[in-house]
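One structure below.
The values are calculated or read from the model by the stated rules, or taken from the named source; none is laboratory data. These numbers come from a predicted model, not from an experiment. For neighbour counting, all protein chains shown are included, and Cβ atoms are generated from backbone atoms with ideal geometry for every residue, glycine included.
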Amino acid sequence: MSVGVVSCQKNNTTQTPTNTIKEMTKYEWRPTASAPKFNPMQIHKGRLIYENGESIYIPSGHTLHQGWGKIGPTHVVGEDLKPIPVQLEITWISYLEKKFYKGTFNIPSEKINQLFNDGYVNRFGKKETFGRINIGLAPKGIVVLWAMGGGWSKEIARFQASETEVSIKEFAPGAIITMEEFIESVLEEDFSEEVKAKMNPDSISFGKWDDYRQKFQWKPSIEFYQKGALKELQISFYNGESIHTIGSNKILSKFQDYAVPDHIRLDWMDENNNEFGSKIYFEEDEIQTVFQTFYKNLNQKTGELVFKIDKYNSNITIALQNESEKIDIAKARIKVYETSN
């Protein structure tokens, strides 16, 4: 995450004519932006607009490639407390596609208000609220918004931008090269050889980011060979959402609409008060296939992603299951470690 400090000032735009200015509920939040790891983007210009016509800009000029839904550049600007935005305007370049996209979208502000009001229970068991609005940019003009904070991320909306034209003079005023040369220089100079090897414009799976948004009714379930207690759970999903909460959070015992998990971290305590942790990284093709196969039967409405911890607290087996079906997950990378004696 890159953080810039900018002098505090109102970021005004043309005022929207209105006879009555109503009081807007304000929260402490900041805008940020993200892009898929091997599909770099750069915002040319963008802003989130409030109901009264004022706005806050979205950090631009950064090559975004930190991962889908991850925190990106954040600038400290304007008042700490801000209204919920009602509209998004954004123009950006998709480097591998060598295309610009542009869009103006109405944001479901009531949904953001609800998310900010409801908040979440953090990993210490305390209620917090969201503190960032993340704008995700993907190939083919896909735009996704998330509310983010403290390890939690919830999708707000998905939009579709259109292709547009931006001149090199407008995009990079000091450049003395063509747009094509500028793009090639960014792709050549801004990334390591290892990353560049994975950035193939001919292999972009354009439907992938929409496929990631599919959700299923499931819940995590932790089983101990002997007595134990889950202390903390963190789940990152392929759709950019995430949760990070205390093990006793009641939400974990209820079936929820979750996307397919990308990786999971568990922290638990055994019957002797020894503490352990585990990082689990799923193999994408396997975990996506498991969920699609398990839920292909429309009568299969709920499932549990079961993590069985062995008696030595040294290994974990994983399966997606319910009373009628079970599919083992064999290709996940699992690291178990002791955190205390």
note = The correct count of residues that are aromatic (Phe, Trp, Tyr) and surrounded by fewer than 17 Cβ atoms within 10 Å (Cβ to Cβ) in segment 203-235 is 2
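Out of the residues in segment 208-226 meeting the condition of being in a loop (DSSP other than H, G, I, E, B) and modelled with pLDDT of 90 or more, tell me which one is farthest from Thr289 (Cα to Cα). Explain how you work it out, then say what you get.
Keep residues of segment 208-226 that are in a loop (DSSP other than H, G, I, E, B), which gives 212-215, 225-226.
This time we only want the ones that are modelled with pLDDT of 90 or more, so: 212-215, 225.
On the way: Tyr212: 12, Arg213: 15, Gln214: 13, Lys215: 14, Tyr225: 28 Å.
So the residue we want is Tyr225.
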request  = Would you mind telling me which numbered condition in (1) outside any loop (DSSP other than H, G, I, E, B); (2) free of Cβ contacts under 8 Å to residues at least 60 places away in the same chain; (3) not small (Gly, Ala, Ser) Phe100 fails?
outcome  = (2)
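For Gln217, are the conditions met, namely being assigned by TED's automatic domain parsing to the domain that holds Lys331, closer than 21 Å to Asn322 by Cα and without any contact (Cβ under 8 Å) to a residue 60 or more places away in the chain?
Working: assigned by TED's automatic domain parsing to the domain that holds Lys331: yes; closer than 21 Å to Asn322 by Cα: yes; without any contact (Cβ under 8 Å) to a residue 60 or more places away in the chain: no.
Here the answer is no, as Gln217 does not meet what is asked.
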query = Residue check: is Ile183 assigned by TED's automatic domain parsing to the domain that holds Ser34, β-branched (Val, Ile, Thr) and touching a residue at least 40 places away in the same chain (Cβ under 8 Å)?
reply = no
query = Among the residues of segment 27-53, how many are of a type outside the set (Ser, Thr, Tyr) and either surrounded by fewer than 20 Cβ atoms within 10 Å (Cβ to Cβ) or closer than 20 Å to Gln114 by Cα (or both)?
reply = 14
